[in-house]
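The structure appears right after this line, and notes come after that.
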Amino acid sequence: MSDSPPPPEEPTSLETLNIRNLSIKCGQCETYQTLLRFERHGEWNVYTYECENETCAPEVTRTLLEVPAELDVFARRDPQWRGGQRWGGAE
Ligand SMILES: [Zn+2]
């Protein structure tokens, strides 16, 4: 057996970000916030998280998570997220 070449680099070594791998926790009520909205702002994808409980007022503890669009695997892979209307609260 001769020396075998090293395995090729996994494509995951590219810099990407999947927000499904993240959890957003509220610093006030210490529960996980729920993803409610997705919007595109130019080069950025903006995800809005809010507490879903009686403890926090959403307008106070709301979290805006900004992900560079070119790294955002989650938005790219799920075509239903294009435009984000389904997550805007409207039917
Ligand atoms: Zn909270």
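Values quoted throughout were computed directly from the atomic coordinates according to the rules given, and no laboratory measurement underlies them. The structure displayed is predicted, hence computed values, not measured ones. Cβ placement follows ideal geometry from the backbone for every residue including glycine, while neighbour counts extend to all protein chains displayed.
Suppose each label sits 7 Å from its Cα in the direction of the beta carbon; what would the residue 16-residue 44 distance come out to in nanometres?
For the pair residue 16/residue 44, the computed spacing is 2.3 nm.
What value does the range 21-80 have for Rg/Rh, both radii from Cα atoms and Rh as Kirkwood defines it?
Values: Rg = 12.4 Å, Rh = 12.3 Å.
With Rg and the Kirkwood Rh in hand, the quotient comes to 1.01.
What are the ³J(HN,Hα) values, in whole Hz, obtained from phi via the Karplus relation 6.51 cos²θ - 1.76 cosθ + 1.60 with θ = phi - 60°, for each residue of the range 50-59 in sequence order, with x given for Gly and Pro?
After applying 6.51 cos²θ - 1.76 cosθ + 1.60, I find 9, 6, 10, 7, 8, 6, 10, 7, x, 5 Hz.
Between residue 53 and residue 31, what is the spin-label point distance in nm, taking each point 7 Å from the Cα along the Cα→C-beta axis?
Those two pseudo-labels are separated by 0.5 nm.
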